[in-house]
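S.K.: Here's a structure for you.
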Amino acid sequence: MVRRLQDEDYEAYIVGGSVRDLLMGKVPKDYDVATDATPEEVKTVFPRCRLIGRRFRLAHVRMMGTLIEVATFRGPQVTDNDDHKHQNGRILRDNVWGSLEQDAVRRDFTINALFLDPVKNEIRDFVGGYKDLSEHKLRLIGVARTRYREDPVRLLRAARFIAKLGVEPVPETADPITDMAPLLHDIPPARLFEEVCKLFMTGHAVRTWEALQRFQLTRALFPVLESEENSGRAKAGQLLIKALENTDQRIAVEKPVTPAFLLAAILWQPVQARAYTLQKSGLSVYAALGEAADEVLSRQVQRITIPRRFSVITRQIWTMQPRFKNTRGRRAKALLQERRFRAAYDFLLLRAVEDEALQTLCEHWTEAQRGVTLNTGQHRCDERSENGSRRRPRRRRQRRNTPSTAKS
Ligand code: ATP
Ligand code: MG
């Protein structure tokens, strides 16, 4: 692809995470290309490409079964009082074209700003990223506070790269993070949902959680979680850590994972606490749990969007928990036939990590499922993966311009 662009006299490089991963001996999960061709010019070279994004316009080119994002070199933002910046310094749009070097310095971390020319087999490095990478250092380009203020999602990206790549932030990059965490409150909740999926569903959830805790970013993401006294970290029990471990293990063997289950684990502690209070004030176990689920979810979605297709499942996972106590009769049978049985059962297993008394109940339901599978041979759980996501996802019409593809 780069060669095709170069043949048309454009500059073109592989850039960003893909170069970084190649240099680290990892297989990149996707490739990004940077070029001096505008999106429209890219379209003339690759007529079948799609131009996407508003905040960050780019071209999507499909080649040999891979989706490649082709972005035009970006220049510096025009500063004073222009409509690209929010009052507090946040960049809202980023479609000012620039040179190769300008495109390097507008990137976030030095290790993400390397350009690889695969035709000449050459690396272009304007920011010392090559050295930082070889020393496993994470360094924000430019003045850290300004760069975090421009786009506070960089705070989360720092935690993600620390976890994913095992790099260590230099003090200038690490020091402002905790102080600046509240800036995440200004990020649109839908963008935060995309980020949270990247944080926890790319195979490094446990280490990412540790990094988020280290910089006290967990509270900014999940305001419903209680904090440990004085430490500024969110309270996280064994259940949550175990859920993150399971998620990483599933991804390692390419099993599907769903945000619904993960969110059920992350938000369980406040749901449980609230349900307990409501129960003491006279509500039934079921009513209290339902009410607590609604309260916690509605507070949480003010910070991070949780699409309904996930929050509905998260809620079901929680509200099915008391039903596991009915181990006999019609109700028990009905529970086994529930669409979300498997996800709720997996959640019960997780709860047993914190509450040993649940162990016998877990054994009962493990046995009960065997019974159903043997007797009928067609229990509905069979179609489902452990976390409740179906193996063959229902075909949804793909939305165009999904937010995950728009970057700054
Ligand atoms: P991953 O391997 O997790 O995808 P990545 O570095 O490729 O990591 P992307 O989100 O795919 O991350 O972004 C591609 C590149 O775009 C980054 O390497 C970086 O150069 C640039 N970039 C992405 N997000 C930002 C941002 N918020 N601010 C500045 N530059 C960014
Ligand atoms: Mg990438």
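The values are calculated or read from the model by the stated rules, or taken from the named source; none is laboratory data. These numbers were taken from a predicted model, which means no experiment stands behind them. Cβ sites come from the backbone with ideal geometry, for glycine too, and all protein chains shown count toward neighbours. Please note that ligands, DNA and RNA were not included when accessible areas were found on the heavy atoms of the full protein model with its side chains. Shrake-Rupley method; radii C 1.70, N 1.55, O 1.52, S 1.80 Å.
S.K.: Could you please give the count of residues in the stretch 18-59 that are within 15 Å of ligand 2 (Cβ to nearest atom), closer than 22 Å to Asn121 by Cα and buried (at least 19 other Cβ atoms within 10 Å of the Cβ)?
M.R.: 7
S.K.: Identify, by number, the condition in (1) at positive phi; (2) open to solvent by less than 10 Å² (accessible area, probe 1.4 Å) that Leu239 doesn't meet.
M.R.: Failing condition for Leu239: (1).
S.K.: Quick check on this structure: which one of Phe341, Phe347, Phe310 is modelled with pLDDT under 95 and of a type outside the set (D, E, K, R)?
M.R.: Exactly one residue qualifies, and that residue is Phe341.
S.K.: From the list Glu194, Glu210, pick out the single residue that is open to solvent by 40 Å² or more (accessible area, probe 1.4 Å), under 21 Å from Lys29 (Cα atoms), touching a residue at least 24 places away in the same chain (Cβ under 8 Å) and acidic (Asp, Glu).
M.R.: Of Glu194, Glu210, the one residue that is open to solvent by 40 Å² or more (accessible area, probe 1.4 Å), under 21 Å from Lys29 (Cα atoms), touching a residue at least 24 places away in the same chain (Cβ under 8 Å) and acidic (Asp, Glu) is Glu194.
S.K.: Something else: Which condition number in (1) in a strand (DSSP E or B); (2) modelled with pLDDT under 80 is the one that Gly89 fails?
M.R.: The failed condition is (1).
S.K.: Residue check: is Met180 aliphatic (A, V, I, L, M) and touching a helix residue (DSSP H, G or I) at 6+ places or on another chain (Cβ under 6 Å)?
M.R.: yes
S.K.: Collect the residues in the stretch 301-317 that are closer than 14 Å to Pro189 by Cα and not in a loop (DSSP other than H, G, I, E, B), keeping them in residue-number order.
M.R.: Result: Arg308, single match.
S.K.: Of the residues Ala273, Ala260, Ala220, Ala287, which is more than 23 Å from Glu356 (Cβ to Cβ), of a type outside the set (Val, Ile, Thr), part of a helix (DSSP H, G or I) and open to solvent by 20 Å² or more (accessible area, probe 1.4 Å)?
M.R.: Ala287
S.K.: Identify all residues within the stretch 111-137 that are open to solvent by less than 20 Å² (accessible area, probe 1.4 Å) and either away from ligand 2 (no atom under 16 Å from the Cβ) or in a loop (DSSP other than H, G, I, E, B) (or both); write none if there are none.
M.R.: Result: Ala113, Leu114, Asp117, Asp132.
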